[in-house]
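**Q** This is the structure, below, for whatever I ask next.
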Amino acid sequence: MRQILIAGVMLSIFGCGGMAMTPSAPSNGTPKDGELAFPTLYKSFPKFLHGIQKPNAVRDLYVNQRGAETHKGENFANGSILVMEIHNAKKNADNSFTKNRDGNLIKDGLAKVFVMQKGAGWGKNAPEGLKNGDWIYSAFKANGDRLDIKYGKCRSCHMPLGEAKDYVHRYDEYFMKRGHSY
Ligand code: HEC
């Protein structure tokens, strides 16, 4: 895992995959918000929850193998990566949202990719009063380019979940759907 992390950091430092070298490239291996490497292989990660219906979007969540090894009731281990794809929803000619037979919105293009990743001691890089354990946040366009976002928003909306749910909104639902509690 350590090697994968280092590879990820190198990737972002050397700006591979069309990612521009940004001033936010991690300097000492402990990233701040906005500095996580784009998890290019996330589509092959285990499913966390897919097809989440929002009023104007559909969201798919993924968790990397490390995170998927988490047991119900535990916090995610260092090295865990959670990814949220935010898809636009298809619209009809009259601008209303198109629904399928089950009344669900239909995906119409990937808009953004939101990422949370954990590493030992990374929480020290978070602003005082907004620390969510050791999670660090980053937001990307569909092509992996970084979005310019105020990360305090991510933190303050995930913070109420608290240590018990490891600041993960769909914590309970995930472990319920997985249908086991080992
Ligand atoms: C206004 C509240 C809010 C803000 C702001 C917010 N999130 Fe979330 N986030 C949620 C909710 C709610 C979910 C669960 C999925 C859903 O219902 O959309 C979620 C889910 C996630 C997940 C999947 C794991 C989980 O918690 O279930 C990731 C990863 C994530 N968000 C990253 C981010 C990042 C990165 C930002 C900032 C760029 C951010 N979020 C900002 C509310 C928020």
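Every read-out reported here was derived from the displayed coordinates using simple, explicitly stated rules and does not represent laboratory data. All values reported here derive from a predicted model rather than from experimental measurement. Reconstructed Cβ throughout: ideal geometry from the backbone, glycine too, with neighbour counts over all protein chains shown.
**Q** Pairs Lys43/Lys131; Lys47/Lys124; Lys112/Lys150; Lys43/Lys91; Lys32/Lys150; Lys54/Lys90: which exceed 18 Å Cα-Cα?
**A** In this structure, Lys43/Lys131; Lys47/Lys124; Lys43/Lys91 exceed 18 Å between Cα atoms.
**Q** Could you compute the net charge surrounding Asn64? Neighbours are other residues with a C-beta less than 12 Å from the C-beta of Asn64; K and R count +1, D and E count -1.
**A** +3
**Q** Here's a follow-up. Per residue of the stretch 70-78, what does 6.51 cos²θ - 1.76 cosθ + 1.60 with θ = phi - 60° give for ³J(HN,Hα)? Whole Hz please, x for Gly and Pro, Karplus curve as stated.
**A** 5, 8, 3, x, 9, 7, 5, 6, 4
**Q** Work out the length of the dipole vector of the stretch 82-182 about its Cα centre, built from +1 on the beta-carbon of each Lys and Arg and -1 on the beta-carbon of each Asp and Glu, and round it to the nearest 20 debye. Mind dumping the intermediate values first?
**A** Working: 18 positive and 12 negative charges, 31 e Å.
Dipole magnitude for the stretch 82-182 comes out near 160 debye.
**Q** Can you order the peptides 123-130, 63-70, 93-100 by their average number of other Cβ atoms within 10 Å per residue, highest first?
**A** 63-70, 123-130, 93-100
**Q** Counting Lys and Arg as +1 and Asp and Glu as -1, what is the net charge of the other residues whose Cβ lies under 13 Å from the Cβ of Phe140?
**A** Taking every other residue near Phe140 into account, the sum is -2.
**Q** Give the cross-link partners of Lys107 among the aspartates and glutamates, using a straight C-alpha distance below 19 Å as the criterion and excluding same-chain residues fewer than 8 apart.
**A** Asp60, Glu85, Asp94
**Q** Aspartates and glutamates within cross-link reach of Lys165: Cα-Cα under 18 Å, excluding same-chain residues under 8 positions apart?
**A** Glu69, Glu74, Asp134, Glu173
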